[in-house]
Structure formats: C-alpha cells, structure tokens
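Below is one structure, written out as structure tokens; comments come after it.
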Amino acid sequence: MKRTVVAAGVALALSALSAVTGCGGSGGGGGDADAAAKARGPITIWYSNNAEEVAWGKQMVAAWNAEHADQKITAQEIPTGKSSEEVIGAAITAGNAPCLIFNTSPASVSQFQKQGGLVALDSFGDGKSYIEDRSGDVAQQYKSTDGKYYQLPWKSNPVMIFYNKKTFAKAGITTPALSTYDDFLATSRKIVASKAAKVAIYPAPSNEFYQSWFDYYPLYAAQTGGKQLIEDGKATFASDDGKKVAQFWRTMYQDKLASPEKYTGDAFVDGTAAMAVVGPWAIATYKGKVDWGVVPVPTADGKPATDIHTFSDAKNVAMYSACKNRGTAWDVLKFATSKDQDAKFLAATGQMPLRKDVATTYADYFTTNPDYKIFADQASRTVEVPNVPNSITIWQTFRDAYSKSVIFGQQDVGEALDGVASKVNQLASQP
C-alpha cells in the first residue's frame, strides 16, 4: 500500500491553515449548511504526497483554475504528522480542514463523521446518483451506517500476489502453482529449501491496525466470495472460512516460509522474499528491479480467477465541514473524478479509478499498458473495510489477536478468532 509517510509538527502545519481562503468555522448545520451547499468561491484541497498523485493533482487544479477565475483552487500536499489520519483528525478538531481531501482512508470515515467533520454528499441534489452512477454496485460498501455517503469512492489498488520470476526459476519452478493453499505452501517450501530466497513471502509482521489488510484480509475476501470483516454489525471472520485463512498464514510462519521479524526496506525488491502482496502502484516501483509475474491471491480449493475477490486498498475523497464554498467543492469533486480526469489519473499513477467498467472504459490504456490489465479485471471484485463505528479500534483489536496467534503462535488460531469476534461485536455496536 502507498501510505502517506508523515513526521512530527502537526500543530504548526495546521494552525497555518486557519486563515486559508474557503475554510474556517465548524461547518454548522441547518440554514448555514444549506447556504454553504450553494456557496461558490475559492476553496482549498489536499492531496497525497506521492509524486505521481501530486503531478496529477497539479494538472487537475490548473485545468479547473483556467476556467474558473472566481472559484480558484488552492492545493497542497497533506501536511506532515504521525499519520495522515491523525493530521486530518486534528484539522477537524481545529476547524480548519480543507474543503476536499483526496487521501481519505475509508477506515477513518466513521471517526471523522463522529467528529462532525464530514459533509454528507447526499446533501447535493445529484450527490447520491453521481456516486452510484460512477462506481456502480461497489459504491454500496462506502455508505455509512445512516445510509449516507460521506466519501466518494475514488481509486483502488486491488492487491494480488507478485512473484519474482528469476527467483522461482532459481528454485526450479517454471510454472508457479499458487492457486490453492496446498499449492502455495508446496511452492513456498521449494523456494526456501532451494535457498532461492530466504522466505517465500514477507508480509509486514508489525502490529499497526492496517497491516491485516495485506495478509489476512485479501485472502479472507477471496475465500468467502467477497465478505467484509463485519456485516450487519457482526463479525464474520470466526467462521470456518475465516479460520482456514488464519491457519494458512499460521502454517507459513510456523514452517518459516514467512518471517515474524520486522524488515527494513522492501524484501521483494531486495530478493529476501520471492513474493509480495501488493497492488498495481508497485509496478512502477519494481520496474527495472524485479522481473515479476502476478496471480490472484490463493483460496483453499483454488477458485477460478474470475471468482476471486481481494482487498481494494482504496483512498477516497471527502468533503470537510469547515468548507464554506461547498457548491464549488462539489463541482470540483465531480470535475476531478470525471471520465477525463480519471483517465489522466490512471495514466499518471497506474491506480484504478473506482468506476464501473474500468477495463472497457479505458481499453486503449490497457492495450498500451498490458501489465495493468489484470488489475483492471480484479478491480471489479474488491472488498473494502467495513464502514462501521470504531473502525480503526476494531482493526487494531483484530490485529492484536492475529499477531499473537498467527504470527507468533502464542494462542490457538481458532480460539483467538472466536475471542476477538466477541470483542469486535461489542465495538461495532457502540456509537
């Protein structure tokens, strides 16, 4: 996942934004909110700090500003801090968040909403229809518990299994068998036994709440045909399928096919690991460094690729309640996620716009860039983190139990999932 890497200094960065045009105040409600929804004028936006998205953002802003002299966008990279989620939360508290942030994590939406920091996009006459027409059925995963959209599904990086062709060849493997758990384990053992690589795969064994999105969750989505971790307010993962996924990863660690030790750097690029669980953004990163292939994540019995779901690794766009000129902000949001701008975003970043029929809409791009075509197909079958109260706390609680049982083997896997499911149910039921 391409995460925003941030350091200390949140307060200074945010205080400097309090006087920026188009922001300020708490956003209010009732008449103030209705007036803001129609108000037009200058606005501010933040976007991610990775180079490709910055380049796309600059051209998008320039294109808008050239046609809207009285409604100009002032744009900047998201300020530095411990994490982008913390920076945004602090800006909401301070009342000086920008109008739009093109780096909003779906896992954080419930907390930002609880803080009163988000604008329901349904409040615009065409808000609901625009989101659902653009994204199709996948949009439903991004509704909040009140049935409203506080985020626009923007772009995804459906995660798959990258493998190093040269490492596999060194291990005597010409046609990778990775579709079932048994095949994946057998291939992994052959790689390690041959010393072609130190480990077969190296998912981060650290305890941050989001790490389960890149080991457990993609395989869980695949194994269950697209279930989220929580559905209808209840944990789903203590099922037979959920335990199969956890036991698969436990075997990988127990048999030393994956490592519980933290790794500094990129184990796949360095050749320490023969495989990695990543999305299409990695293609540019691996160019000239790894001769890679890619396959869907495995399932217990080897489902057809066309039936496999995976984690979306999405980042979305939200409108923040400190915004005064919301009419302009909504127009900008639609402009930035138009068919034309999505094409420019795809070309600049290789990330998949969260719109229906990506593969056919941008067929020329995928003909010219065939490496990305498999991800366009996979993008139609993605699973998002559940949009529920206490989302990040839930993921941290899950990760704690997963780390203890799966990575470090200090508890029976089945017992761990049963126990944490009860805790997750309690958290999901709280406001």
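The values are calculated or read from the model by the stated rules, or taken from the named source; none is laboratory data. Computed from a prediction, not measured in an experiment: that's the story for all the values here. Here Cβ is always computed from backbone atoms with ideal geometry, including for glycine, and neighbour counts include all displayed protein chains.
Some points to look at:
- Search result, residues across region 254-280 that are closer than 18 Å to Leu178 by Cβ and outside any loop (DSSP other than H, G, I, E, B): Ala267, Phe268, Ala273, Ala274, Met275, Ala276, Val277, Val278
- Annotation: of all residues in region 97-120 being within 20 Å of the chain's Cα centre (by Cα) and aliphatic (A, V, I, L, M), the one that is farthest from Glu384 (Cα to Cα) is Leu100.
- Taken together, the criteria exclude Val245 from residues that are surrounded by 17 or more Cβ atoms within 10 Å (Cβ to Cβ), touching a Lys or Arg at 6+ places or on another chain (Cβ under 9 Å) and closer than 19 Å to Pro298 by Cβ.
- Matching entry among Pro218, Pro203 (being part of a loop (DSSP other than H, G, I, E, B), in the same structural domain as Arg250 (by TED's automatic domain parsing) and crowded, with 20+ Cβ neighbours inside 10 Å): Pro203
- Subset of region 145-157 [surrounded by 18 or more Cβ atoms within 10 Å (Cβ to Cβ) and of a type outside the set (A, V, I, L, M)]: Tyr149, Tyr150, Gln151, Pro153, Trp154, Lys155, Ser156, Asn157
- Restricting Ser422, Ser391, Ser429 to those that are farther than 20 Å from Val277 by Cβ and surrounded by 23 or more Cβ atoms within 10 Å (Cβ to Cβ) reduces the list to Ser391.
- Looking only at region 361-387, and only at residues there that are hydrophobic (A, V, I, L, M, F, W, C) and within 15 Å of Gln351 (Cα to Cα), the one that is nearest to the chain's Cα centre (by Cα): Ala379
- Residue that is surrounded by the fewest Cβ atoms within 10 Å (Cβ to Cβ), among those in region 111-144 that are among the small types (Gly, Ala, Ser) and under 30 Å from Ala276 (Cα atoms): Gly136
- Which listed residue, of Val119, Val109, is at pLDDT 95 or above and touching a Ser or Thr at 6+ places or on another chain (Cβ under 6 Å): Val119
- Within region 206-215, the set of residues being outside any helix (DSSP H, G or I) and in contact with a strand residue (DSSP E or B) (Cβ under 9 Å, 6 or more places away or on another chain) comprises just one member, Asp215.
- Among the residues of this structure, Lys166 counts as one that is modelled with pLDDT of 95 or more, surrounded by fewer than 19 Cβ atoms within 10 Å (Cβ to Cβ) and farther than 24 Å from Lys334 by Cβ.
- Candidates Lys244, Lys227, filtered to the one that is outside any loop (DSSP other than H, G, I, E, B) and either modelled with pLDDT of 95 or more or over 25 Å from Ser105 (Cα atoms) (or both): Lys244
- Within region 390-409, one or more residues are of a type in the set (Gly, Ala, Ser), more than 25 Å from Glu85 (Cβ to Cβ), touching a residue at least 40 places away in the same chain (Cβ under 8 Å) and outside the structural domain of Gln151 (by TED's automatic domain parsing).
- Any chance Asp371 is charged (D, E, K, R), out of contact with any Pro (no Cβ under 6 Å at 6 or more places or on another chain), modelled with pLDDT under 95 and more than 30 Å from Asn207 (Cβ to Cβ): no
- Number of positions in region 140-168 that are free of Cβ contacts under 8 Å to residues at least 24 places away in the same chain and part of a helix (DSSP H, G or I): 1
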